[in-house]
Amino acid sequence: MITVEEAFRRIVETATPLTTERLPLLECSGRVLAAPLTARRSQPAANLSAMDGYAVRSQDLASQGSSSFTIIGESAAGTPFTGECGAGEAVRIFTGAIVPNSCDQVVIQEDCETNEDGILTHAEREPGRHIRPAGIDFAERQTVMDKGAYVSPKSIGLIASAGYDHLMVHRAPKIAIISTGNELVSPESDSFEPHQTVNSCAPQVATLLSDAGANIIYIGTARDELKSLQVELRKCADCDILITIGGASVGEKDLVKEALDQIGMQLNFWKVGMRPGKPLIYGTINNRHVLGLPGNPVSAFVCALLFARPLVDQVMGRPAPFPSGVKLPVATDLPANGPRQHYMRARLIGEPGSRHVDPAAAQDSSLASVLAQCDGLLVREPGAPVAQAGELVSFLPF
């Protein structure tokens, strides 16, 4: 049995980013750039007015008193003024419009009085005032995003501004999920027998990994029989990551490891010093990653959160640091911990700035209702001593 940190290291270190693909920009959020982006244009491409007003030559503004200008034209966004502005002349200009080459200041309209001949202003001489210089955001041929950068909604505008509507990004992994267990039935069943259990783990794990950007294929449910498992496993040949749920322990009906061995899995480890989630399997089949998750809902979720989601990050080219959490004070006393790292379901209580971690009273790994009411996991190190209320503990939000 290995530690959580060692299990994480083995999974992440064996994973490399997947091959690349070219996608439309609107499909790239959540992906990682496979090549640097060099701007195809400057932003802005010319000096633009930051306000509505009048473009003038700053040298024509009086150092004291008022200045008068004759209006000789107009510059609007998309319709620039193409002439030259001479001494004592001004161009009516609107926000986002190109500033005429001969002008170097915009006087805002609130500082001007209009008359039959033009405008009168008491504005002071300030070259560059209310002008956004060409290239102030980025210049043509400048690298605006590096290889390995994460594409998110906040960067989509930058990418589009740089002149790109398609990107080369790392491919999202295809994840095949197989549930195991004679007792499992679909949530959509018309009726439920006492001996049956609704398959809640598969949709829970699937959505966790789908939200991380993976493409999920739910293969189905295998019975606790080698033949049934082999039939379902054969459907997963073209996936990048194979995830089984249930059947990973050591009981007579826990046949997942044996079935995976029979189809050529190279076992990396089996069993981790943690609770919940001890019977975790990790291995590879050729270039495919294989994770065998335990079948209890909380155990499956915790293992998917700690190991499967970072694996998705890693193969998509995103950073995958060990999920160590943040330090916050605990709301109640905690007993000494045993030999396994304990991930306790917990809520955050208190006002922002004075949050405390409040562990749930019931920590059984089958309690989906407790998990749904919590905000994250309180992490207790192996052999951790008694903790008094107010002491700092590690909290991993989800």
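Please treat every number below as a calculation from the coordinates, not as lab data. Given the structure is predicted, the values throughout are model-derived calculations rather than measurements. Note that we place each Cβ from the backbone using ideal geometry, even for glycine, and neighbour counts take in every protein chain shown.
So if I take the centroid of the Cα atoms in segment 339-395 and the same for segment 209-279, what is the distance between those two points in Å?
Value for the Cα centre distance between the two parts: 29 Å.
Are there any trypsin sites (Lys or Arg not before Pro) in segment 1-75 that are in a DSSP loop and have at most 14 other Cβ atoms within 10 Å? List them by number.
Details: sites: ARG9, ARG10, ARG22, ARG31, ARG40, ARG41, ARG57; in loops: ARG31, ARG40, ARG41, ARG57.
The qualifying sites are ARG40, ARG41.
Normalising by the residue count of segment 326-397, find the relative contact order in percent from Cα pairs under 8 Å and 6+ residues apart.
49
Which order do peptides 289-296, 146-153 fall in by mean Cβ count within 10 Å, highest first?
289-296, 146-153
Work out how far the C-alpha atoms of segment 1-95 reach from end to end along every principal axis, then list the three figures in whole Å, largest first.
85, 32, 18
By DSSP, what percent of the beta bridges with both residues in the chain are antiparallel, rounded to the nearest 5?
The answer is about 65 percent antiparallel.
Filter the GluC sites (Glu not before Pro) in segment 212-256 to those in DSSP coil with at most 12 other Cβ atoms within 10 Å of their Cβ, and list the result. If you can, show how the numbers build up before the last one.
Numbers: sites: GLU225, GLU232, GLU252; in loops: GLU225, GLU252.
Hits after loop and neighbour filter: GLU252.
Using the Karplus curve 6.51 cos²θ - 1.76 cosθ + 1.60 with θ = phi - 60°, what ³J(HN,Hα) values do you get for each residue of segment 252-262, in whole Hz, with x for Gly and Pro?
5, 9, 8, 10, 4, 4, 4, 5, 5, 4, 5
Gain in length, LEU226 to GLN142, computed as 0.36 nm per residue apart minus the alpha-carbon separation, to one decimal in nm?
24.5 nm
Whose amide H sits under 5 Å from the amide H of GLN105, counting only residues 5 or more places off or on another chain, with H placed in the peptide plane?
The list, which skips near neighbours in sequence, is VAL56, SER58, GLY128.
Amide H to amide H under 5 Å from CYS85: which residues, 5+ apart in sequence or cross-chain, H placed 1.01 Å off N in plane?
Correct list: SER102.
Return, for the Cα atoms of segment 1-47, the radius of gyration and Dmax in Å, separated by a comma.
Computed over the Cα atoms of segment 1-47, radius of gyration and Dmax are 18.9, 65 Å.
Give me the percent of DSSP beta bridges within segment 48-132 that run antiparallel, rounded to the nearest 5.
About 75 percent, rounded to the nearest 5.
Which shape class applies to segment 326-397: rounded if a/c is under 1.5, otherwise prolate when a/b exceeds b/c and oblate if not, where a ≥ b ≥ c are the square roots of the Cα gyration tensor eigenvalues?
Judged from the Cα gyration tensor, segment 326-397 comes out oblate (a/c at least 1.5, b/c at or above a/b).
Give me Rg/Rg_expected for segment 139-289, where Rg uses Cα atoms only and Rg_expected = 2.2 N^0.38 Å with N residues. Present the calculation step by step, with values, prior to reporting the outcome.
Details: Rg = 20.1 Å, N = 151, 2.2 N^0.38 = 14.8 Å.
Normalised Cα radius of gyration, segment 139-289: 1.36.
Counting only helical runs of four or more DSSP H residues, what would the 222 nm mean residue ellipticity of the chain come to if each run contributes -39,500 (n - 2.57) and the total is spread over all its residues?
Using -39500 (n - 2.57) per qualifying helix, the result is -4500 deg cm²/dmol.
Only one of the values (1) 37; (2) 42; (3) 58 was calculated from this structure for percent of Cα pairs over 30 Å apart; name its label.
Label (3) holds the value from this structure.
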